[in-house]
Amino acid sequence: MKIIKIALSILFLVCLFDMPYGYFQLVRFLGMIGFIVLAYNYYPKNQNWSILWVSSAILINPFIKITLGREIWNIVDVSFAIVLTYSAFKKSKSLK
């Protein structure tokens, strides 16, 4: 799971640069899949993290887009990167 979190963090941080629209679509799709996988793996052991990952997947899903504006999406991207990095390196007794 650590590799998924780090990869998603990098994808979200690259969104801060001036990228083509197709990249953002790719990030939405990969992010949704990554968050769903994380939610599935966390659900039986830690429901709080699972709820966070499901909420994140809903927010960035590419099918029903939520329009927030570039500045707010930048804040969301940085927040995702921080939370993902934190959870990747946090010592957990119940989930590794």
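State all residues of segment 24-36 that are touching a Cys at 6+ places or on another chain (Cβ under 8 Å) and either β-branched (Val, Ile, Thr) or surrounded by fewer than 14 Cβ atoms within 10 Å (Cβ to Cβ) (or both); if no residue qualifies, say none. I'd like the intermediate steps shown before the answer.
Applying the first criterion (touching a Cys at 6+ places or on another chain (Cβ under 8 Å)) to segment 24-36 yields 24, 27.
Correct list: VAL27 only.
Search segment 57-72 for residues being assigned to a helix (DSSP H, G or I) and either among the basic types (Lys, Arg) or over 12 Å from the mean Cα position of the chain (by Cα) (or both), and hand back the single one that is farthest from LEU16 (Cα to Cα). So that I can check it myself, show each step before the final result.
At the first step, the residues of segment 57-72 found to be assigned to a helix (DSSP H, G or I) are 57-60, 70-72.
Filter once more, so that each one left must be either among the basic types (Lys, Arg) or over 12 Å from the mean Cα position of the chain (by Cα) (or both): 70-72.
Values: ARG70: 9, GLU71: 9, ILE72: 11 Å.
Looking at the filtered set, the residue picked out is ILE72.
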For LYS45: the one exception among (1) within 15 Å of MET1 (Cβ to Cβ); (2) assigned to a helix (DSSP H, G or I): (2)
Unique match (being at pLDDT 90 or above, of a type in the set (A, V, I, L, M) and buried (at least 16 other Cβ atoms within 10 Å of the Cβ)) among VAL54, VAL78, VAL14: VAL54
Residue count for segment 11-59, restricted to those that are within 16 Å of SER79 (Cβ to Cβ) and among the charged types (D, E, K, R): 1
First in segment 1-22 and closer than 13 Å to PHE35 by Cα, second anywhere and among the charged types (D, E, K, R) and part of a helix (DSSP H, G or I), Cβ under 8 Å, 6 or more apart: PHE12/ASP77
Complete set of residues in segment 73-92 that are part of a loop (DSSP other than H, G, I, E, B) and either in contact with a helix residue (DSSP H, G or I) (Cβ under 7 Å, 6 or more places away or on another chain) or of a type in the set (Ser, Thr, Tyr) (or both): SER92
Of all residues in segment 34-44 being in contact (Cβ under 8 Å) with a residue 24 or more places away in the chain and more than 14 Å from PHE80 (Cβ to Cβ), the one that is nearest to the chain's Cα centre (by Cα): VAL37
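Quick test for you: out of MET1, MET19, pick the one residue that is under 20 Å from SER87 (Cβ atoms), among the aliphatic types (A, V, I, L, M) and surrounded by 12 or more Cβ atoms within 10 Å (Cβ to Cβ).
Working: MET19 fails: under 20 Å from SER87 (Cβ atoms).
After ruling out the rest, the residue left standing is MET1.
The values are calculated or read from the model by the stated rules, or taken from the named source; none is laboratory data. Note that the coordinates shown come from a computational prediction; the quantities given were computed from them, not determined experimentally. For neighbour counting, all protein chains shown are included, and Cβ atoms are generated from backbone atoms with ideal geometry for every residue, glycine included.
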